[in-house]
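Here is the structure we will look at, set down as structure tokens.
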Amino acid sequence: MDIIIPLFDAMSYVLILVLIALGLMIVFGMMGVINMAHGELFMIGAYVMVLIQSAGLPFVFGLVLAPIVVGFLGLIIETLLIRHIYLRPLDTILATWGLSIALKQGIVLVFGPEAQSVTSPLDATLVLGDFSYPMYRLIVMGISIALIAGTFWLFLKTDFGLMARAVIARPDTSAGLGINTRKLYRWSFVVGTALAGLAGALIAPTISVDPQMGLGYLIPGFLSILVGGAGPLAGVLVGGGAVGGTNSLLTVWISPVAAQIAVFILAILVIRLRPNGILGGKNEK
Amino acid sequence: MLEIQQLKAGYGEAMVLNDFTFTLPKGQITALMGRNGMGKTTLLKAIMGLIPVKSGQILLKGSPLENLPTYLISKSGIGYVPQGREVFDDFSVYENLRLAALGSSIKNLSLLPQIYDWFPILHERRNQKAGTFSGGQQQILAMARALMTRPEVLLLDEPTEGIQPNIVHEIGLKLSQIAEETELTILLVEQNVHMVKTMAEEILFMENGRLMASCSMAELNQDDALLHRYLTI
């Protein structure tokens, strides 16, 4: 049991990380936007849950509302900021970094700097012999798997996904075939931000909700893309698994500092040996 | 069908096209020839809205296209086969064609049987990844993909580049057949004289971003001095 519970914890962390990294990857792969505010959108999803709980509304309502609120915020951000700096990664770092500071300070103004907590909607524990594990964490894992599968389905099996993958590979050629690239950019950005909001809402009962929480997921999210490869969606799974698994397991077995060092060594090794990431192919652009 | 009037376009401050003017009559195959760097590809990119137009007009059946976004230019009836083919390597043949159907104003696959009839190899290999095709097969796919958008005018940028001679001839004959069947207007940017002689009815010669001369294929067959003047170094 000493091994199984940390493995479950690691899996839970990996799945949330993959959800966050998927949003980041869609936005970066398609629009060349390095969204430094992605962690804050995740954080706002968690704060939507704080509001829902303080208003006495059902938890499930928060799970529905969080992606809608954050997706709508994403739509506003895309319209006012991101669309003017598409395909200019360095400019996007600066612009979204500024945005992340503004969002954090906005939350501090409304909720204060102190941490908030969200009560788990389910106190039950799954007990199998000597093994026991909180039911809510298992449900989060199940929902995360369904969301990841849904995102893969959206991008690999639908017309929207076909057009989105075409725009990622060859934006000008896609436009020359009549594809409205601006519209695809916009809705892909909204999908990416809504995923972050939902991830924040899902995980809110298991962590402390505070204005700095986004950064703790943003950096591992970027490292997941770096390690897995910024191109194929499956790269996010591999990268998220490698980064999240290493981080979570070594934190328990050795120390948080050793885990961080191991993650950075892993990233350096991958950059050295496979500059496009483990699954990253050639760039067609 | 397609009128270009005093077009100026280029990259940043550098103008590549200088008062370029010509008209493509409906259903005619016109070849645009000239040495490398004279502005042929830039002209096609300007028509497609892939580079900004500084001044002048691009009219399709009288409607202005200049400065429209590229996807609307495509939807208004201009098909584009870019230099280097630019097929989607990781997509199957079917996905490449489905993508073009999604981009077209019709948004359905009703033209697909006709495309497979024109290019049977695409039907045989419809599930094969485009990246595994030879250069000639990719060129056929790129042309079929552009035709899926149901263009009235097709712009072809050096379709014979890097393709073996027997395929070049085959492509030329097939495009001529399609143009005749569908009254498609074609602007062919090409340096391969054999391809031009297989397909074109009129030839335009370009130098330093300007239209310098034009002649019919019959005139060119009698006297190829223009070819020597505008194509040899």
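With runs of 4+ DSSP H residues as the only contributors, calculate the mean residue ellipticity of chain B at 222 nm using -39,500 (n - 2.57) per run, divided by the residue total and rounded to the nearest 500. List each step's numbers first, then the result.
Values: 10 runs with 89 residues, N = 233.
Mean residue ellipticity, 222 nm, calculated: -10500 deg cm²/dmol.
Suppose every K and R has +1 on its Cβ and every D and E has -1 on its Cβ; what is the size of the dipole of region A:54-145 about the Cα centre, in Debye to the nearest 20?
Values: 4 positive and 5 negative charges, 56 e Å.
Result for region A:54-145 is approximately 280 debye, rounded to the nearest 20.
With +1 assigned to the C-beta of every Lys and Arg and -1 to the C-beta of every Asp and Glu, and no other charges, what is the dipole magnitude of the protein assembly as shown about the Cα centre in debye, to the nearest 20?
340 debye
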Relative to the longest principal axis of chain A, what angle (0 to 90°, nearest 10) does the C-alpha long axis of helix A:159-169 take?
-> 70 degrees
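Show that you can apply the helix-only estimate: for chain A, add -39,500 (n - 2.57) for every DSSP H stretch of four or more residues, divide by all residues, and state [θ] at 222 nm to the nearest 500. Display every interim value, and only then the final one.
Working: 11 runs with 206 residues, N = 285.
Helices in chain A give a 222 nm mean residue ellipticity of -24500 deg cm²/dmol.
Which of B:Asp223, A:Asp9 comes first, and how do the rest follow, when ranked by fewest Cβ neighbours within 10 Å? Show your work: numbers first, answer last.
Working: B:Asp223 9, A:Asp9 17.
By the 10 Å Cβ count, ascending: B:Asp223, A:Asp9.
Fewest Cβ neighbours within 10 Å first, please rank A:Arg272, B:Arg126, A:Arg137 accordingly.
On the way: A:Arg272 8, B:Arg126 15, A:Arg137 20.
Ranking A:Arg272, B:Arg126, A:Arg137 by Cβ neighbours within 10 Å, fewest first, gives A:Arg272, B:Arg126, A:Arg137.
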Roughly how many nanometres apart are two label points built 7 Å out from the Cα toward the Cβ at B:His123 and A:Lys157?
-> 2.9 nm
Order these peptides, B:95-102, B:66-73, by their mean beta-carbon neighbour count within 10 angstrom, highest first.
-> B:95-102, B:66-73
All aspartates and glutamates inside 13 Å of A:Lys104 as judged from Cα atoms, apart from same-chain residues fewer than 8 positions distant = A:Glu40, A:Glu114, A:Asp210
When chain B is treated as a Gaussian network with springs between alpha carbons less than 10 Å apart, the largest mean-square fluctuation among B:Leu59, B:Leu141, B:Leu43 is found at B:Leu59
Scan around B:Lys54 for amide H atoms under 5 Å from its own, H built in the peptide plane at 1.01 Å from N, and keep only partners 5 or more places away or cross-chain.
-> B:Lys8, B:Ala9, B:Gly10
Of A:Gln105, A:Gly216, B:Met48, which is farthest on the positive side of the dipole of the protein assembly as shown, counting Cα position, with +1 on Lys and Arg Cβ, -1 on Asp and Glu Cβ, and the Cα centre as origin?
-> A:Gln105
What's the lysine pair count for region B:1-122 at a Cα cut-off below 21 Å, pairs eight or more apart or interchain?
-> 14
Across the residues of B:82-88, average count of Cβ atoms on other protein chains within 10 Å?
-> 4
Treating the angle as unsigned and between 0 and 90°, give the value, to the nearest 10°, between the Cα long axis of helix A:89-111 and the longest Cα principal axis of chain A.
-> 40 degrees
Report, in degrees rounded to the nearest 10, the 0 to 90 angle that the Cα long axis of helix A:59-80 makes with the longest principal axis of chain A.
-> 30 degrees
Mean per-residue count of partner chain Cβ within 10 Å for B:41-48 equals 1
In what order do A:Trp153, A:Trp187, B:Trp118 fall by count of nearby beta-carbon atoms within 10 Å, going from fewest to most?
-> A:Trp153, A:Trp187, B:Trp118
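Which order do peptides B:13-23, A:200-210 fall in by mean Cβ count within 10 Å, highest first? Can you show the working numbers first?
Numbers: B:13-23: 15.6, A:200-210: 22.5.
The packing order, highest mean first, is A:200-210, B:13-23.
Peptide A:161-174: average number of partner chain Cβ atoms within 10 Å per residue?
Values: counts 0, 7, 4, 0, 5, 9, 1, 0, 6, 5, 1, 8, 13, 9.
For this peptide, the per-residue mean of nearby foreign Cβ atoms is 5.
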Name the residue, out of A:Val127, A:Val118, A:Val33, whose mean-square fluctuation peaks in a Gaussian network model built on chain A with Cα pairs under 10 Å.
-> A:Val127
Length-normalised contact order of chain B, Cα under 8 Å, at least 6 apart, in percent, tallies to 29 percent
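Can you tell me the relative contact order of chain A? Whole percent, Cα pairs under 8 Å, sequence separation 6 or more.
On the way: 445 pairs, mean separation 94.3, N = 285.
For chain A, the relative contact order is 33 percent.
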From the residues B:Phe91, A:Ala234, B:Ile178, which one has its Cα farthest along the dipole of the protein assembly as shown in the positive direction, the dipole being from +1 and -1 charges on Cβ of Lys/Arg and Asp/Glu about the Cα centre?
-> A:Ala234
Under-5 Å amide H pairs with B:Asn18, H placed in peptide plane, nonlocal only = B:Arg210
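Any read-out appearing in this document is the output of simple, stated calculations on the displayed coordinates, not a laboratory observation. These figures come from a predicted structure and were not determined experimentally. Positions of Cβ are backbone-derived with ideal geometry, glycine not excepted, and every protein chain shown enters the neighbour counts.
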